[in-house]
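See structure below.
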Amino acid sequence: MKKITFRFSGSSTDFYPAYGISHLKEITDPLTTVLITDEHVYNAHTQRFKNWNTIVLKPGEEYKVQATADAIIEQLAEMEADRKTTLVGVGGGVITDITGYVASIYMRGIRFGFIPTSLLGLVDASIGGKNGIDVGVYKNMIGTIRQPSFILHDMVFLNSLPQPEWENGFAEIIKHACIKDAALFAELENKTLKQYRSRQKSICELVQRNALIKIKVVQKDEFEKGERRLLNFGHTIGHALETQYELSHGQAISIGMTYACHISRQLCRFKQTERVAALLQQYNLPAYASFDRQKVFDVLKMDKKREKKEMNYVLLESIGKGVVKSISLDQLGKIIGDL
Ligand code: GLY
């Protein structure tokens, strides 16, 4: 089996691209492993969980909270899980985040790995080591940075992925193209979501290319002191919108990306906002929305990217070249009010 090992500051992650969950037993012993998944994934792929200890959670971001972590911990204790136990999150971002979080605190930290089942999970949420839960309207407010021991890809899970989840994944793929990869941006402009969905080879290549973009950024800056901040492109306004309005993560960050382009025009002379907006719309994502500026700004001020009265904001100098600028909250409030 071909695996690629990526080193981080104090650990490493074995990456098994396009493998299949049937190989999991070669990576971790079923007797000392507990899989954590949600009802959607479990019901659509029950056979794949056969012979594995499994905890099945209710699906949805509203369950990414401490109460769910406590419930998992109680089940682990009942199963007599100990410090030799490995947890494997099999699911989208909610499942991998909460699995990594519980694994980081259960008995002060046990081994964990991920099998991402959504496009967003494959290219983004399973990578990077940030694991956590939401507290009220504050997304990912509590958590840890700890890398998974392994990430295994099984593209078969994509067969049961609903259309809105494909769009969520493409929002992060477009983000990667905007901040790091102008050639990927051009490739995306020349294709459609339908084409990627229907061609196994192109979706596999796209997933691996994007997973590598994220892994490389995280390797350079695991604890988000510089380069890694680029991955927050679209997420500052995006997260604030996501918690205030009925929007998916992909929709919220798409709107966030367009507004970040407008701010980039003012502060970095970025000239391609409409090209970014057009690409988002090509992948069924919204580029604009009307929203309560004050309400969104009030939530945004609590964002983890704030440092005292300054916000580290990700902007574009050009397509494929993201930069981080520190903007005072006063200036940001004025810009957002005028958008
Ligand atoms: N778990 C997602 C990240 O670390 O960015």
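Sites listed here are trypsin sites (Lys or Arg not before Pro) in segment 50-97 whose DSSP assignment is loop and whose Cβ has at most 16 other Cβ atoms within 10 Å: LYS50, ARG83, LYS84. In the chain, the longest principal axis of the Cα atoms and the axis of helix 200-220 are about 80 degrees apart. The H on the amide N of ILE151, modeled in the peptide plane, is under 5 Å from the matching H of ASP14, PHE15, TYR16, PHE114, each at least 5 residues off or on a different chain. Hey, how many Å between the Cα centroid of segment 315-329 and the Cα centroid of segment 63-78? Cα centroid of segment 315-329 versus Cα centroid of segment 63-78: 39 Å apart. Note on segment 29-124: the C-alpha convex hull projects to 5.7 nm² when averaged across all orientations. Its residue count N sets the reference 2.2 N^0.38 Å, and the alpha-carbon radius of gyration of the chain equals 0.97 times that reference. Loop-resident trypsin sites (Lys or Arg not before Pro) (DSSP state other than H, G, I, E or B) in segment 223-286 with no more than 11 further Cβ atoms inside 10 Å of their Cβ: LYS225, ARG269. Taken along its principal axes, the alpha carbon cloud of segment 230-287 reaches lengths of 32, 23, 17 Å, longest axis first. Volume per residue of the convex hull around the Cα atoms, evaluated for segment 187-339, comes out as 113 Å³.
For segment 2-140, lysine pairs separated by 8 or more sequence positions, or belonging to different chains, with Cα-Cα distances below 20 Å total 9. DSSP loop GluC sites (Glu not before Pro) in segment 217-283 with at most 12 other Cβ atoms within 10 Å of their Cβ, which ones? Here the sparse-neighbourhood loop sites are GLU246.
With respect to the chain, whose longest principal axis is taken over its alpha-carbon atoms, helix 66-78 is tilted by about 10°.
Each reported figure results from applying straightforward, stated rules to the coordinates on display, with no laboratory input. Quick caveat: nothing in here was measured; it's all calculated off a predicted structure. Don't worry about glycine lacking a Cβ; one is built from the backbone with ideal geometry, like all the others, and counts go over all protein chains shown.
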